[in-house]
Amino acid sequence: MKIYNTLSKRLEEFVPINEGKITMYVCGPTVYNLIHIGNARPMIVFDTFRRYMTYRGYEVNYVSNFTDVDDKIINAAREEGVEASEISERYIAECRKDMEGLNVLPATVHPQATREIPAMIDMISTLEKKGYAYRVEDGTVYYRTRKFAGYGKLSGKNIDDLESGHRSEGHALKVSGAEGKEDDFDFVLWKPKKEGEPFWESPWCEGRPGWHIECSCMSKRYLGDTIDIHAGGEDLIFPHHENEIAQSEAANGVPFAHYWMHNGFLNIDNQKMSKSLGNFFTVRDIAAKYDLQVLRFFMLSAQYRSPLNFSDQLMESAKAGLDRIKNGVLNLSDLEKNGIEGDMTEKELAEYEKVLSERDRFNEVMDNDLNTADGISVIFDLVKFANTTTSKGATRAYAAAVRSVIEQLGNVMGLKLETKEEVLDEEIERLIAERQTARKEKNFARADEIRDELLSRGIRLKDTREGVKWSRI
Ligand code: AMP
Ligand code: ZN
């Protein structure tokens with residue numbers, strides 16, 4: 001597998017720290033609102049990376065945080081007149097719903113900043129002891145950026161250039177309100193509380209952490225001092241990821257992450273997505289019009305590092321493309337039931353070999369820095385090949401074998417291609433009745449089993465005062 005490493009600025013062969021295992025950290029959203037389709041891009045592409053590596057036999061320990069303390073969250077809470085935690089918990093729950101719709105697997109762990117404060121205080125204390133952090137009069141703790149020799153190695157920025165850039169643009173060097181700050185590029189590790197804000201006790205003052213420290217701490221806690229891959233959107237390279245490296249490497253004394261992966265930005269109608277331009281979509285907006293599988297398919301139609309343009313027209317063509325693949329799978333399922341019985345013919349065996357070599361080609365293109373655009377082309381080619389080779393009928397065995405390969409690759413992409421058999425209403429009613437009996441007999445294991453079976457077939461049960469209601473998902 002070759003990965004473009006932002007740290008070395010080139011394609012590198014991926015070599016994990018421990019054979020067969022991957023430790024990966026992906027910066028997650030700040031939860032003050034419904035997630036937008038830009039936030040969905042890193043979720044989808046790195047989930048696909050995780051699925052692909054799992055399919056290639058790796059065990060992936062995947063951690064992705066929720067930033068649940070931040071100015072935007074505090075402002076939203078103030079506007080609604082509720083606690084900050086009410087806002088963050090609400091939008092974490094909403095985000096999880098969107099992830100489910102996008103078929104993004106839950107991370108191995110989804111840590112939340114507010115639950116990791118002791119680890120952050122620990123790391124800041126270590127930095128202070130080592131001379132990388134200092135406290136000023138009002139209780140703010142800053143990171144002493146110039147002391148970290150490697151500062152700028154990820155972004156390619158150099159503090160002196162940044163500083164002269166600031167001067168030539170006429171910016172004041174000392175940011176106002178930062179009394180005692182030694183250098184313009186020192187960043188906040190801990191800051192004092194303001195009236196009405198959430199706060200925690202600390203050795204420096206009652207306050208809250210800066211943004212960057214949470215990722216350094218959660219990555220250390222759940223994955224270790226040195227991890228294989230750290231990922232996020234390209235806007236995070238500077239300053240967020242640069243600062244994470246400075247914090248972690250100064251505190252732990254070892255390299256932070258071997259590979260840094262960054263997704264390109266999602267634009268709308270070739271413009272930057274922004275609320276003020278009015279070209280801003282939440283995932284929920286898209287869900288009102290399309291199955292979210294279409295959004296996922298659309299995102300994967302480009303390699304993750306390329307900028308991606310979103311438009312109605314491109315979504316329509318993604319929908320048509322996904323339908324083409326689904327129809328191919330549907331034809332194969334049909335043949336699986338109604339095709340010729342018996343073993344594959346000689347000709348089919350040869351054709352199946354071709355299918356397997358297409359799967360090898362899929363692996364090859366995906367091994368090239370997760371080229372999902374080419375991966376999808378291979379799936380299209382496979383569907384075309386399946387349509388051609390079965391147009392005059394086929395054995396059930398051949399149809400089943402080809403369908404299973406296409407579905408396997410679809411699953412790597414996180415696309416649900418399997419055509420679930422329609423569950424008839426009578427059967428649902430019968431299972432619900434059986435579940436009620438099981439409950440009366442206190443056989444809760446069976447009752448749960450029935451609920452889960454129905455769920456896996458797309459039927460959700462809801463216990464209400466009027467009895468059990470069901471709906472198709
Ligand atoms: P935020 O909540 O702003 O910290 O963003 C969460 C994740 O979404 C980060 O990895 C960002 O880089 C990413 N992100 C935000 N906007 C976009 C966008 N328009 N295109 C792609 N990724 C984005
Ligand atoms: Zn982060």
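I'd like to check something: does the stretch 227-234 contain any residue that is buried (at least 21 other Cβ atoms within 10 Å of the Cβ), away from ligand 1 (no atom under 16 Å from the Cβ) and of a type in the set (G, A, S)?
For the stretch 227-234, residues buried (at least 21 other Cβ atoms within 10 Å of the Cβ), away from ligand 1 (no atom under 16 Å from the Cβ) and of a type in the set (G, A, S): absent.
Find the residue count for the stretch 2-18, including only residues that are outside any strand (DSSP E or B) and either within 16 Å of ligand 2 (Cβ to nearest atom) or not β-branched (V, I, T) (or both).
So the count comes out to 7.
Take the residues of the stretch 188-221 that are surrounded by fewer than 24 Cβ atoms within 10 Å (Cβ to Cβ), within 16 Å of S125 (Cα to Cα) and among the hydrophobic types (A, V, I, L, M, F, W, C): which is nearest to ligand 1 (Cβ to nearest atom)?
V188
Pick from G224, G278: which is more than 16 Å from ligand 1 (Cβ to nearest atom) and at positive phi?
It is G224.
Can you tell me which residues in the stretch 114-161 are farther than 29 Å from S88 by Cα, free of Cβ contacts under 8 Å to residues at least 24 places away in the same chain and either open to solvent by 40 Å² or more (accessible area, probe 1.4 Å) or among the β-branched types (V, I, T) (or both)?
Within the stretch 114-161, E128, K129, A149, N158, D160, D161 meet the criteria.
Considering only residues of the stretch 19-65 that are small (G, A, S) and not in a helix (DSSP H, G or I), which is nearest to ligand 1 (Cβ to nearest atom)?
Going through the qualifying residues, I end up with G28.
Six or more apart or on different chains, Cβ atoms under 7 Å: show the pairs whose first residue is in the stretch 224-246 and more than 18 Å from E59 (Cβ to Cβ) and more than 11 Å from ligand 2 (Cβ to nearest atom) and whose second is at pLDDT 95 or above and assigned to a helix (DSSP H, G or I).
D225/N252; A246/T145
Would you mention how many residues in the stretch 35-72 are in contact (Cβ under 8 Å) with a residue 24 or more places away in the chain and under 17 Å from N363 (Cα atoms)?
13
Out of F238, F280, report the one residue that is surrounded by fewer than 20 Cβ atoms within 10 Å (Cβ to Cβ), of a type outside the set (K, R), assigned by TED's automatic domain parsing to the domain that holds D47 and out of contact with any helix residue (DSSP H, G or I) (no Cβ under 7 Å at 6 or more places or on another chain).
Testing whether each residue is surrounded by fewer than 20 Cβ atoms within 10 Å (Cβ to Cβ), of a type outside the set (K, R), assigned by TED's automatic domain parsing to the domain that holds D47 and out of contact with any helix residue (DSSP H, G or I) (no Cβ under 7 Å at 6 or more places or on another chain) leaves just F238.
Which helices (runs of 4 or more DSSP H) sit wholly inside the stretch 287-406 and have at least 1 residues that are loosely packed, with under 15 Cβ neighbours inside 10 Å and more than 31 Å from the chain's Cα centre (by Cα)?
312-338, 346-367, 372-390
The values are calculated or read from the model by the stated rules, or taken from the named source; none is laboratory data. Given the structure is predicted, the values throughout are model-derived calculations rather than measurements. Cβ atoms come from the backbone with ideal geometry, glycine included; neighbour counts cover every protein chain shown. All accessible areas refer to the heavy atoms of the entire protein, side chains included, with ligands and DNA or RNA removed. Shrake-Rupley method; radii C 1.70, N 1.55, O 1.52, S 1.80 Å.
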